[in-house]
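Trainee: The structure is given below, and queries will be raised subsequently.
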Amino acid sequence: MELVEDGVVYQDDPGTSAVMSERFERLIGKYDEDVVKELMPLVVAVLENLDSVFAENQEHEVELELLKEDNEQLITQYEREKALRKHAEEAASRDAPIRCQVIVSAHLYRAEQHVAESVASVQSVYGG
């Protein structure tokens with residue numbers, strides 16, 4: 001049987017309840033009803049603490065599952081970025097000679113322009 005009270009679900013295990021009831025009856029018979037009355041607040045406190053710890057444990061299990069999912073997503077993202085970086089580095093190394101040719105060509109073009117301007121300048125000075 002299941003009892004819901006203040007948002008807390010209590011599971012009633014007939015075997016456990018019967019055993020506890022039997023033990024309390026034995027205590028009452030052996031000692032006195034007052035002994036059980038004094039013991040009951042302690043038993044209730046222990047059961048409430050157990051319930052609280054159980055609820056906290058369930059929250060931690062949910063949090064753990066969420067963290068596992070986050071971790072899996074982060075690993076997937078990391079692997080994807082690692083593959084993209086590797087692809088970019090491979091593409092950059094393939095394109096490096098072409099970039100070098102472009103840079104060298106640009107420098108040669110500027111050097112040719114400079115030489116042509118110098119020749120033109122010398123010709124204008126010497127009238128040639």
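Rule-based calculations on the coordinates, nothing more; no lab input. None of the values given here were measured: they were computed from a predicted structure. Every residue, glycine as well, gets a Cβ built from its backbone with ideal geometry; the counts of neighbours run over all protein chains shown.
Trainee: Return the calculated 222 nm mean residue ellipticity for the chain, to the nearest 500 deg cm²/dmol, obtained by summing -39500 (n - 2.57) across DSSP H runs with n ≥ 4 and dividing by the residue count.
Mentor: For the chain, the value works out to -32500 deg cm²/dmol.
Trainee: Can I ask one more? Suppose every K and R has +1 on its Cβ and every D and E has -1 on its Cβ; what is the size of the dipole of the chain about the Cα centre, in Debye to the nearest 20?
Mentor: 1820 debye
Trainee: Can you give the FRET efficiency for GLU63 and ALA83, using 1/(1 + (r/R0)^6), R0 = 25 Å, r = Cβ-Cβ distance, to the nearest 0.05?
Mentor: That gives a FRET efficiency of 0.25.
Trainee: Output ³J(HN,Hα) for segment 20-28: one whole-Hz value per residue in order, computed from phi by the Karplus curve 6.51 cos²θ - 1.76 cosθ + 1.60 with θ = phi - 60°, and x for Gly and Pro.
Mentor: The phi angles translate into 5, 4, 4, 5, 5, 4, 5, 4, 4 Hz.
Trainee: Also, quick follow-up: I'd like the Karplus ³J(HN,Hα) series for segment 108-118: coefficients 6.51, -1.76, 1.60, θ = phi - 60°, whole numbers in Hz, and an x wherever there's a Gly or Pro.
Mentor: Listing the rounded values in order: 4, 4, 5, 5, 5, 5, 4, 5, 4, 5, 5 Hz.
Trainee: Using a Förster radius of 30 Å, what is the FRET efficiency between ALA55 and ARG23 based on their Cβ-Cβ separation? Nearest 0.05, please. Before the final figure, lay out the partial values.
Mentor: Working: r = 26 Å, r/R0 = 0.87.
In this case the efficiency is close to 0.70.
Trainee: I've got another one for you. With unit charges on the beta carbon (Lys/Arg positive, Asp/Glu negative), name the residue among LEU27, GLN73, VAL122 whose Cα is farthest towards the positive pole of the charge dipole of the chain.
Mentor: Positive-most Cα among the choices belongs to VAL122.
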